[in-house]
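The block underneath contains the structure these notes are about, expressed in structure tokens.
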Amino acid sequence: DGVAAAPAEVSDGASGSMSDRAYRRSKGWAKRVFMPASVTAEYHTYIRWRWIQRLLSATVNVFGLQAMIMAVGLRDARAVAGGHAVVGAAAAVDWVLKDALGKVTRLCWAGRMGRSFDGDAKRWRFRSSLLYATGNGLQIATFAFPSLFLALATTANCLKQVSMLTSTATRSAIYRSFASTETTNNLGDVTAKGEAQIAVVDLVGMLLGLLVSKRLGVASTLANPATLVAIYLALSISEIGAMYKEIKCVVFRSLNLERANIVLGDYVETGICPGPVEVARSERILRRPKTPRPDVFPSVADLAAGLSAADVEAHVRAAAGRDFLLMPWKDGFGVALRDGAADGAVLDALHARARAAAAGSVQ
């Protein structure tokens, strides 16, 4: 008995050892494929929320696509029931037309807004999710109103094209923020691993959408539109919430106008510069910045409006030797920059504006 027991213990140990090695190899492979080598601490929280958001988005997208296909079927079926002829190519023309108009909208949006994304990546990324969710809603609405298929589907596709362009344009800035240091700015690695993660999550989301739609009986033309709308609202609200949490995890270590105003305002008030994490907590995602650009940098004509020539000359003399002009404006102070002013001059101007706001007068 003793001799027989020994091989069993050795076998168990060997089996456990093989399992451990297989687990370690699988874990190492997954880490190499899906996780970038050097990232900041915020990255791991970000990707967890991003996985949830993309899973919900891919699931809702399945419902939207199914709704459009069923809407075309319902429209043709009603035409046949009414004694009208159905042209097979009509549905294909409508489908191609909505895609073509969506591409044109994307092109126009790129030309108009391309330079706006860099300085406000977080807010534009969140707005893109709102546009995409609205597009999904309009796709589902085609099932309730199949006679309006072309109008609803085209509008939905235009919103989605704008959303995808905005998301793509802001993605690099967000990925770059996760490099642990400037010397390890491994943007390519972070981007590649991020896209690999999303490819898997999207596949799972599409499978989940197919399973849920079949289980709830909304994958046929007999589906209740109210049920589809309820599912859409529940998933979309959850997705937008996940997107908000995802964006709040992003910590930029460079300044835009909003972050510069936060840093300089706190420094003037307390004498301490807040760190990037503290600044990120103060950034607004849903609302506009506390101090929009037009309130900080109005035109010279607007600054001079309501002032006498003597007052304007006094302000100009006070600004001699500087690359900016600081004057009272509305309930605060406005800045006019000299042509070609460097980044340092912009920060000096914002600092002077923060000090004037704290003191109540131009110093």
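Could you sort HIS44, HIS351 by accessible area so the largest value comes first, with the probe set to 1.4 Å?
In descending accessible area the options line up as HIS44, HIS351.
Excluding ligands, DNA and RNA, what is the solvent-accessible area per residue of segment 219-282 at a probe of 1.4 Å, expressed in Å²?
51
Once phi is turned into ³J(HN,Hα) by the Karplus curve 6.51 cos²θ - 1.76 cosθ + 1.60 with θ = phi - 60°, what whole-Hz value does each residue of segment 164-179 show in order, with x for glycine and proline?
5, 5, 5, 4, 5, 5, 9, 5, 4, 4, 5, 4, 5, 5, 8, 5
Round to the nearest 10 and report in Å² the accessible area of THR155, as given by a 1.4 Å probe over the protein chains' heavy atoms.
We get 70 Å² for THR155.
Among ILE69, ILE140, what's the order by accessible area (1.4 angstrom probe), most exposed first?
From most exposed to least exposed: ILE69, ILE140.
What number, rounded to the nearest 500 deg cm²/dmol, is the helix-based mean residue ellipticity at 222 nm of the chain, given -39500 (n - 2.57) per DSSP H run of at least four residues and division by all its residues?
-25000 deg cm²/dmol
So if we plug the beta-carbon distance of ASP331 and VAL104 into 1/(1 + (r/R0)^6) with R0 = 35 Å, what FRET efficiency do we get, rounded to 0.05?
0.25
Whole-Hz Karplus ³J(HN,Hα) for segment 228-242, in order, using 6.51 cos²θ - 1.76 cosθ + 1.60 and θ = phi - 60°, x for Gly and Pro?
4, 5, 4, 4, 4, 4, 5, 6, 5, 5, 5, 5, 5, x, 5
For LEU203 and ALA230, FRET efficiency with R0 = 25 Å and r from the beta-carbon atoms, rounded to 0.05?
The pair ALA230/LEU203 has a calculated efficiency of 0.50.
Please list LYS31, LYS122, LYS214 in order of solvent-accessible area, largest first, computed with a 1.4 Å probe with all protein chains present.
LYS214, LYS31, LYS122
How much accessible surface does LEU130 have with a 1.4 Å probe, in Å² rounded to 10?
LEU130 has an accessible surface of roughly 70 Å² with all protein chains in place.
Under a Cβ-only charge scheme (Lys and Arg +1, Asp and Glu -1), can you give me the dipole magnitude of segment 99-223 about the Cα centre, in debye to the nearest 20?
Charge dipole of segment 99-223: 240 debye, to the nearest 20.
Counting only residues 5 or more places away or on other chains, whose amide H sits under 5 Å from the amide H of VAL39 once H atoms are built in the peptide plane?
Result for VAL39 returns SER180.
Work out the FRET efficiency for ARG253 and ALA310 from their Cβ-Cβ distance, taking R0 = 45 Å, and round it to the nearest 0.05.
Once rounded, the FRET efficiency stands at 0.50.
Between their Cα atoms, which of LYS122/LYS214; LYS27/LYS160; LYS160/LYS214; LYS160/LYS248 are more than 28 Å away from each other?
In this structure, LYS122/LYS214; LYS27/LYS160 exceed 28 Å between Cα atoms.
Which value in nm describes the separation of the simple spin-label points at ASP323 and LYS290, placed 7 Å from the Cα toward the beta carbon?
2.7
Residue by residue, what Karplus-based ³J(HN,Hα) values in Hz, rounded to whole numbers, does segment 315-325 have, using 6.51, -1.76 and 1.60 with θ = phi - 60° and x for Gly and Pro?
Along segment 315-325, the couplings run 5, 5, 5, 5, 8, 4, x, 10, 9, 8, 10 Hz.
What residues have an amide H closer than 5 Å to that of PHE297, excluding those fewer than 5 places away on the same chain, when H is modeled at 1.01 Å from N in the peptide plane?
Amide H neighbours of PHE297: VAL335.
The values are calculated or read from the model by the stated rules, or taken from the named source; none is laboratory data. Since the structure is predicted, the reported quantities are computational estimates derived from the model, not experimental observations. Glycine also receives a Cβ, built like all others from the backbone with ideal geometry; neighbour counts cover every protein chain displayed. The area values use the complete protein model at the heavy-atom level, side chains included, leaving out ligands, DNA and RNA. Shrake-Rupley method; radii C 1.70, N 1.55, O 1.52, S 1.80 Å.
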